[in-house]
Every structure is written in structure tokens, then in C-alpha cells.
Amino acid sequence: MNEVLKAILERRSVRKFTGEPIAREEMETLLQAASYAPSGMGKQSWQFTAVTDGAKIAALCEAMGKAMGKEGYDMYRPAALILASNDRENGNGLADCACALQNIFLAAHSLGLGSVWINQLKETSDEPGVRAVLNGFGVPAEHIVWGVASLGHPAETPAAKPRREGVIHWAD
Ligand SMILES: Cc1cc2nc3c(=O)[nH]c(=O)nc-3n(C[C@H](O)[C@H](O)[C@H](O)COP(=O)(O)O)c2cc1C
């Protein structure tokens, strides 16, 4: 099996991280992988915002936790985040970011890193306390953060969930 197919089949969401930082070069590789994803009409109206400073990650978690009424919210205490955001006027914004996030997840797996999609900024990007933090990170005001890659060195190796039966249908 080739390496791409192997990564697709092997990748799992990782929610426990060791705390070891991710090398700058590896973050750059993940960001490049994101930027090579397909996008509707090739618009690439997205931004991928890398956050590696633990205090900045904690500030975002705190603001999101306040917005959601979830004290101690921590995005699984990652070493780094990549926020995938897109122009709120782009109807393909979420789909484009989802393609880019999957590129990040597969690239992360290929480097021995763990990753998981964090969905909660989709609904909280425009909460004033959260937006203030996003402004500080340089996320454009007209962007919604459609998904976040929470990243780190894996401290667990989850097994694949059984595949749902009947989802493949041949109409030929
Ligand atoms: C659109 C989407 C949103 C998700 N949101 C979250 C989330 O907020 N928190 C989380 O822990 N996992 C989240 N996940 C990860 C899924 O729970 C995970 O992919 C699923 O359970 C299958 O496990 P696997 O990734 O190991 O194959 C999300 C995945 C997708 C595709």
C-alpha cells in the first residue's frame, strides 16, 4: 500500500498529548499541507493561523470556555493549534477549511504527530471575548474559524472505530 493510503487508513484522532513542543519545521510542513488543499473555485480565501505559545492557547481556551459556560475548557492541552478560518461571505468556506484540516491531519500523522478537529470556534468566533483573542492572533474580522487542528506529540494510540456497514453503494 502506498504511503498516502496508509496514512488515510491509519490516522486517528488523538486527544492526549505529551506536552513536548512541535518543531517549527514540522509546523511549517503542516501549514504548507493546508495551503495545498483544494478550494471552491480555487479562491483560497482562507487563513491558517498557527498558535504555538502556551499562554496564547490558554487565553483562547479561557475565552471559549467563558462563551460556552464550560470552565476548564482546554482543547486537550495541545502543543500547538492551527486555526482554519475563511471569509464568512464565502459559501464554500467550511468545505474549503475541512479539506485543509484533513491535509493537516494526514500530514501530522505522517510526521508521527497527533491531531484532532476542534469544532467549537465555529459557533463562538463572534463572541466578543473570543473575537478579542482572535483579533490579537491576526485572524481577519470578516473570518469565521470553521475548524481547529489541535496538535501535539501523541500520548495515546487510539484504535479505529469499526466502520459503519452499508455506507458504500454501487449504482452500476
Ligand atoms: C466536523 C468534525 C467535527 C469534530 N469536532 C470534534 C470536537 O469538537 N472535539 C473532538 O474531540 N473531536 C471532534 N471531531 C473528531 C471526531 O470525533 C472523530 O473524527 C471521530 O470520532 C472518528 O474518530 P477518528 O478521527 O479517530 O477516525 C470532529 C470531527 C469532525 C470531522
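The values are calculated or read from the model by the stated rules, or taken from the named source; none is laboratory data. Nothing here was measured: the structure is a model prediction, and the numbers come from that model. Cβ placement follows ideal geometry from the backbone for every residue including glycine, while neighbour counts extend to all protein chains displayed. Only protein heavy atoms, including side chains, enter the accessible area calculation; ligands, DNA and RNA are left aside. Shrake-Rupley method; radii C 1.70, N 1.55, O 1.52, S 1.80 Å.
Please work out which residue is farthest from the ligand (Cβ to nearest atom), limiting yourself to the range 77-93 and to residues that are open to solvent by less than 70 Å² (accessible area, probe 1.4 Å) and without any contact (Cβ under 8 Å) to a residue 60 or more places away in the chain. Among them, the one singled out is 87.
Which residues, taken from the range 124-160, are open to solvent by less than 40 Å² (accessible area, probe 1.4 Å) and either in a strand (DSSP E or B) or within 13 Å of the ligand (Cβ to nearest atom) (or both)? Within the range 124-160, 124, 143, 144, 145, 147, 148, 149, 150, 151, 152 meet the criteria. Counting the residues of the range 94-105 that are hydrophobic (A, V, I, L, M, F, W, C) and surrounded by fewer than 20 Cβ atoms within 10 Å (Cβ to Cβ) gives 4.
Per the conditions (1) touching a Ser or Thr at 6+ places or on another chain (Cβ under 6 Å); (2) in a loop (DSSP other than H, G, I, E, B); (3) not aliphatic (A, V, I, L, M), the sole criterion not satisfied by residue 96 is (2).
One line per residue, one yes/no per condition, for (1) under 14 Å from residue 109 (Cα atoms); (2) aromatic (Phe, Trp, Tyr); (3) open to solvent by 90 Å² or more (accessible area, probe 1.4 Å):
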site: 2; (1), (2), (3): no, no, no
site: 9; (1), (2), (3): yes, no, yes
site: 18; (1), (2), (3): no, no, no
site: 30; (1), (2), (3): yes, no, no
site: 33; (1), (2), (3): yes, no, no
site: 40; (1), (2), (3): no, no, no
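Across the range 99-116, the number of residues qualifying as among the aliphatic types (A, V, I, L, M) and either near the ligand (Cβ under 10 Å from one of its atoms) or not in a helix (DSSP H, G or I) (or both) comes to 4. None of 63, 59, 23, 67 is open to solvent by less than 70 Å² (accessible area, probe 1.4 Å) and within 19 Å of residue 116 (Cα to Cα) except 23. Of the helices (runs of 4 or more DSSP H) entirely within the range 2-76, those holding at least 2 residues that are within 16 Å of the ligand (Cβ to nearest atom) occupy 3-10, 54-68.
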